[in-house]
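Below is one structure, written out as structure tokens; the observations come after it.
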Amino acid sequence: MASVTLSEAEKVYIVHGVQEDLRVDGRGCEDYRSVEVETDVVSNTSGSARVKLGHTDILVGVKAEMGTPKLEKPNEGYLEFFVDCSANATPEFEGRGGDDLGTEIANTLYRIFNNKCSVDLKSLCINPREHCWVLYVDVLLLECGGNLFDAISIAVKAALFNTRIPRVRVLEDEEGSKDIELSDDPYDCIRLSVENVPCIVTLCKIGYRHVVDATLQEEACSLASLLVSVTSKGVVTCMRKVGKGSLDPESIFEMMETSKRVGKVLHNSLQSILHKEESLGPKRQKVGFLG
């Protein structure tokens, strides 16, 4: 993961500021930086989104392809995640430097979506045991400015909201063989419900307090962080501790309560932005780097 080197004086300045609920950029401990969200930015995908959170820049593309259901879940489709850490984001990702981080992020996304509540996977089934839709979710890290997991989860949810899957019909002839007919109408498609798709809220323990949406400088002052997956209703679906430091039970409980509170606000803001952008239709002005 991208990191910065700070002097002891800089660390003391950041830590003391956090204890007073005043961060270097003027935010409080529970405040996010401004978030830019733009959907439908890549033309050859079923859905896409670009999210910029401070100096963290994420691009996500979703591609729907026909596949065979898994043996243990014959009447469901499934999602596959791939994370590419671009060397442009930080020199540390040159060569195979970003492979471990990419695998870690992909495994975290699998854990979040490995339940029946996040996405209705049965709606992706075309013909039980034979055909289903497979959603390939590709995540590209363009710039790392702290709080990667939160930004990626926001981008994935926005891309799934933007995803349009062609409607298909299963036709059976007199001999019993089945054919799949794909609709020619580009507007005849199915949409995924992302209401229950969780977002990650990362809380970094700095001194005796914890902060959300930490910058690279703040992450350098934190020995332990808690990744909490929260739905729009404030339900915690998954937790993961990262870092070499330890967290006492009381701190974990406080961080969970903060994540529920902050997560609800994050979901409401994201949903309103996505619906507002969609209401503009094709006339909306593309303002991102692909605009």
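The values are calculated or read from the model by the stated rules, or taken from the named source; none is laboratory data. Keep in mind that this is a model prediction, so the values were computed, not measured. Here the Cβ positions follow ideal geometry from the backbone for every residue, glycine too, while neighbour counts run over all protein chains shown. For accessibility, only protein heavy atoms count, side chains too; no ligands or nucleic acids. Shrake-Rupley method; radii C 1.70, N 1.55, O 1.52, S 1.80 Å.
By Kyte-Doolittle mean hydropathy of at least -0.5 and Cα axial length of at least 27 Å, which whole DSSP H helices of the chain are selected?
Answer set is 249-280.
Ranked highest first by average number of other Cβ atoms within 10 Å, how do 194-203, 145-154, 235-244, 104-113 line up?
Going from most to least packed, we get 145-154, 194-203, 104-113, 235-244.
Hey, what's the range 175-269 come to in accessible area per residue, 1.4 Å probe, Å²?
Dividing the accessible area of the range 175-269 by its residue count gives 52 Å².
Any chance you could list the semi-axes, whole Å, largest first, of the equivalent ellipsoid that the Cα gyration tensor gives for the range 137-290, using √(5λ)?
They are 39, 19, 15 Å, listed largest first.
Over the Cα atoms of the range 1-87, how large are the radius of gyration and the largest Cα-Cα distance (Dmax), in Å?
Over the range 1-87's Cα set, Rg and Dmax evaluate to 20.3, 58 Å.
Can you list the equivalent-ellipsoid semi-axes of the range 127-178, largest first and in whole Å, using the square root of 5 times each Cα gyration tensor eigenvalue?
With the √(5λ) rule applied to the range 127-178, the semi-axes are 39, 10, 8 Å.
Can you pick out the pairs among Lys73/Lys260; Lys116/Lys276; Lys73/Lys157; Lys63/Lys116; Lys63/Lys157; Lys52/Lys260 whose Cα atoms lie more than 26 Å from each other?
Over 26 Å Cα-Cα: Lys73/Lys260; Lys116/Lys276.
Can you give me the relative contact order of the range 214-264 as a percent, contacts being Cα pairs under 8 Å and 6 or more apart?
39
Mind pulling the per residue volume of the convex hull built on the Cα atoms of the range 56-154? Å³ is fine.
101
Using a 1.4 angstrom probe on the protein heavy atoms only, line up Asp57, Asp31 by accessible area, largest first.
Descending accessible area places them as Asp31, Asp57.
If you roll a 1.4 angstrom probe over the protein chains with everything in place, what fraction of the accessible area of the range 178-291 belongs to carbon and sulfur, to the nearest %?
54
I'm a student and want to see the number: the projected area of the Cα convex hull of the chain, averaged over all directions, in nm².
If you wrap the Cα atoms of the chain in a convex hull and average its projections, you get 17.2 nm².
Please list, in chain and number order, the residues 5+ apart from Val197 or on another chain whose amide H is under 5 Å from its amide H, with Hs placed from the backbone.
Close amide H contacts, sequence-distant or interchain: none at all.
For Cα pairs less than 8 Å apart in space and 6+ apart in sequence, what is the mean separation divided by the residue count of the range 29-147, i.e. the relative contact order in percent?
For the range 29-147, the relative contact order is 35 percent.
Could you put Arg129, Arg191 in order of accessible surface area, largest first, with the 1.4 Å probe and the full protein assembly present?
Per-residue accessible area, sorted high to low, gives Arg129, Arg191.
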